Structures are given as structure tokens and as C-alpha cells.
1. Take A235 and A118, extend 7 Å from each Cα along the Cα→Cβ direction, and tell me the distance between the two endpoints in nm.
2. Determine which lysines satisfy two conditions relative to K215: a Cα distance under 16 Å, and not lying fewer than 8 residues away in the same chain.
3. How tilted is helix 41-54 with respect to the longest principal axis of the chain? Cα atoms for both, answer in degrees (0 to 90, nearest 10).
4. Please give the contour-minus-distance gain from R191 to R308: 0.36 nm per residue of separation, less the Cα-Cα distance, rounded to one decimal in nm.
5. Any chance you could give the angle, 0 to 90 degrees and rounded to 10, that helix 181-193 forms with the longest Cα principal axis of the chain?
6. Pop a pseudo-label 7 angstrom from the Cα along the beta-carbon direction at both A128 and D19 and give the gap in nm to one decimal.
7. Can you find, among I199, A82, A162, the residue sitting farthest towards the positive end of the charge dipole of the chain, where Lys and Arg contribute +1 and Asp and Glu -1 at Cβ?
8. What does the net charge come to around A147 if you take all other residues with beta carbon closer than 15 Å to its beta carbon, with K and R at +1 and D and E at -1?
Amino acid sequence: MILDHIYEAIIDNVFLRLDELVPGSEVFLKLEGLNPAGSIKLKAALGMVEDAERAGIAGPGDRIIESSSGSLGVALALVAAAKGHPFTCVTDPNTSPHSVALMRALGAEVVEVSRRDANGGFLGTRIAYIRERVAAEPDVVWLNQYANPANPRAHEIYTARAILSEIVRIDYLFIGVGTSGTLMGCLTHFRKHSPATRIVAVDSEGSVTFGFPPKPRYIPGLGTSRKPEICCPDAPDEVILISEADAVRTCRSFAQRGVFVGGSTGSVLAAVAHSAPKIPEDSRVVALSPDFGDRYTHTVYNDDWVTRKFGPEAVSIGELAGQTGR
């Protein structure tokens, strides 16, 4: 395969069998960390930038700005660099040093906000900064992943189609929810082409996306402190909340078996394990792994950090577990 641009190298057909998670059924983990930007966010980044270019919103050389806790920022830095757009990413203290270093290596400006918003997170503060920046600099284009229909559309076009093409019959699909772009895009496609599939949204405790109480969160990827406009909270068949401590333990458990995944994947796999007793035998289960563990070595896989945030019990590797939210 010979490509003209790095962002064309979307790898969408690699799945890892994890049948032991749901005894008597087949479990497939879709590995999105193999994409050039290292995560599932490459598809949303490319979709939103190209949509803005087609609409004439982002002209040649215009600066793009976006709020991100890590992976989308890296993906946008890659796409923007390849297309000749300056890029500013607005982050917060939860963003991993590794992700910040990657963005800067790709030429991005990285701005960190440190004041928490009214719900105890940083999203409201990040967006407030972007609004001020856009008002002051007319040539700065905010993609707004939280309200941009090009975000879920990218996952309808790529992610959802790839899943059904490879696995065909799917009884359960577990999707982690951040902006909800992946969830909503997959929902649109599956409702049309595989309506019997049960769609399970996996969110982090402390996230307000599905109407649960806010509280501080420390692992980037899942959850929001402000409901994304593109999200329809009642659309999935089920919502499962996972504590960040459970996500950490799950990540560490799989790493001991050579499966090195990121924090969001830990939450998704914990949700699958929690649901296992009620999943009928001979089911086919697909779970999405947004990225690998390399961006979490300073957090999820660092004993000191985990102990400070969640206590010493979170460092130990126990049984996979989760907590239901609805």
C-alpha cells in the first residue's frame, strides 16, 4: 500500500480475541492504537478538518484551535501539520506529559488551563479560553468537537462500518464515551444495519454526560464536566459507569498479560467484565480500545501517581470489576 498522506493510513480492521472475559462467548477488542496518531481520534480529527476546509471555514494557513485532554490533540497536531495549518491545543493538568510532548513535536502550540469549572472539571475553562481566543483572532478556527457533526460522522463512515465488515454478527458493542463522537456515529450506523446489536455506553464516574453527579476526574479520555451537544443521552441501550480506580486495576491486569492499553480501554474492559454474568452464552461481543498504554506510563502505570489519586489499594491487581450507572 502506497499513500500520499500519513493521515490516510487509517488501520481499521485489527481485533484481539479476549474470549476469557465472557466465558462461553466470543469477545473482540478493536485496536485503534495502531493508527498513525496512536488513537481512534485520527478519524475524528481528519473528518472535522476536511469538513471545515470543504466549507471554506478553514482556509489555507488558518490556525485551528481545539480543546483536548490528549489523544484528539495529538491527532489534530498530525493532521494540521500535514495540511499546513498552525494548531493550538488547549489542555489541562490531566493531560499526560507524553501527549503534550507529541503535540509540540508536531509543531502545535499547547496551552494549559488550570482552573476547574463549576462541575469540578476543566472542560468549561478550556472552552472559555477558546472563545476568548477566537474573539480576539479572527483567523483562528474552532472545530468544536463537542458540537461538530463531522465528529460522529467520521465514526459512522470508518469505525462502525469496519466493525460490521470484520465481525458481521454482533450482539453487544461496548463504547467508551468522551465527546460521544464514537458512540453517536456507531449508533447511527448500527441502528440502520444491525439494529439487534445492544449498544453499551461506558462512562467514567464523575462525568455529567448521562446526568450523573459531577466529581473530579484524573484520567483523560472518558467523561465530561459539560454535556456535549452531539450526545443523545438516551440513545444507547445501556450506560455503565466505571470508577477510575477500577479502570486502573483493569489496565494493570491486562498489562501483566502483555496487553498494554490506555485508561479508556481499561474502563471499557471493566464494563465488559462487569456485564459478563448477564451476557447469554454464544454471544458475540465487541469492545473498542481507543489507544494503547504508552501515554499513561506517568499516570495509570505509575505506582506513586495511582497511590496519590486513588489510594494504595488501586495499585494492586485484582479481579476485573465495574459499577453500573443505569
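Each reported figure results from applying straightforward, stated rules to the coordinates on display, with no laboratory input. Worth saying up front: this structure is predicted, and the values here are computed from it rather than measured. Glycine gets a Cβ as well: all are built from the backbone with ideal geometry, and neighbour counts include every protein chain shown.
1. 2.5 nm
2. Hits, sequence-local ones excluded: K227, K309.
3. Tilt of helix 41-54: around 30 degrees.
4. On the way: separation 117, 0.36 × 117 = 42.12 nm, distance 4.25 nm.
Length gained between R191 and R308: 37.9 nm.
5. Relative to the chain, helix 181-193 is tipped by roughly 60 degrees.
6. Using points 7 Å along Cα→Cβ, the separation is 5.3 nm.
7. My answer, from the dipole projection, is I199.
8. Neighbourhood net charge equals +2.
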